[in-house]
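Here's the structure we're looking at; comments come further down.
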Amino acid sequence: MSVIIDESCITCDACLQNCPVNAILDDANNPTGEKRYYVQPEKCVECVDLFDDPQCAAICPSIGCITWDMPYTKEFDAHFLNEEFYALCNKDNILKSPSIKEKKYRKDIPQNMRGVGKEVQEEPQ
């Protein structure tokens, strides 16, 4: 992972339709049960090798709704195994942990800019 869609999401579908790896689930399919869109950390690649910026943040009309998360790597396995915030089991109830398969991430984003609540996009000036 990646990115997180926070509670300010207005469920407009823009990010859902623009995600090149289909990592976003709508509010009806959010595996955590919350009524907001959900980025599947085991699928999101932060648009690395695809676009200059994450497409969800580029298209989102709710400034600040898309935030950086930690890289989906072994180093942050415990972070992603937090069952209150993530649902990493597939439909066969098999755990998809970063320790099993890491994902690409933007190495140009420093760790102090990552974590729940760190904005990906900024308001246009």
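The values are calculated or read from the model by the stated rules, or taken from the named source; none is laboratory data. As the structure is a computational prediction, the values presented were derived from the model and not from experiment. All Cβ positions, even for glycine, are placed from backbone atoms using ideal geometry, and neighbour counts span all protein chains on display.
Table for the structure above
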{"quantity": "Single unsatisfied condition, Asn82 versus (1) at pLDDT below 85; (2) in contact with a helix residue (DSSP H, G or I) (Cβ under 6 Å, 6 or more places away or on another chain)", "calculated": "(2)"}
{"quantity": "Residue among Asn18, Asn30 that is without any contact (Cβ under 8 Å) to a residue 12 or more places away in the chain and farther than 15 Å from Lys103 by Cα", "calculated": "Asn30"}
{"quantity": "Filter result (within 10 Å of the chain's Cα centre (by Cα) and surrounded by fewer than 23 Cβ atoms within 10 Å (Cβ to Cβ)) within region 55-72", "calculated": "Thr67, Met70"}
{"quantity": "Cross-chain or 6+ apart pairs with Cβ under 9 Å, region 66-90 first and over 16 Å from Tyr105 (Cα atoms), then part of a strand (DSSP E or B) and at pLDDT below 85", "calculated": "Leu81/Leu95; Leu88/Leu95; Cys89/Leu95"}
{"quantity": "Filter result for Glu75 (surrounded by fewer than 21 Cβ atoms within 10 Å (Cβ to Cβ), modelled with pLDDT under 90 and not basic (Lys, Arg))", "calculated": "no"}
{"quantity": "Residue check, Asp52 over 12 Å from the mean Cα position of the chain (by Cα) and not polar (S, T, N, Q)", "calculated": "yes"}
{"quantity": "Per-region count, region 90-116, residues assigned to a loop (DSSP other than H, G, I, E, B), modelled with pLDDT of 65 or more and touching a strand residue (DSSP E or B) at 6+ places or on another chain (Cβ under 9 Å)", "calculated": "5"}
{"quantity": "Filtered residue count, region 17-57, keeping only those that are hydrophobic (A, V, I, L, M, F, W, C) and at pLDDT below 90", "calculated": "1"}
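Residue by residue, here is whether (1) under 15 Å from Tyr72 (Cα atoms); (2) not in a loop (DSSP other than H, G, I, E, B); (3) not basic (Lys, Arg) holds:
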residue	(1), (2), (3)
Gln17	no, yes, yes
Pro20	no, no, yes
Pro31	no, no, yes
Glu34	no, no, yes
Val45	yes, no, yes
Phe51	no, no, yes
Ala57	no, yes, yes
Pro61	no, no, yes
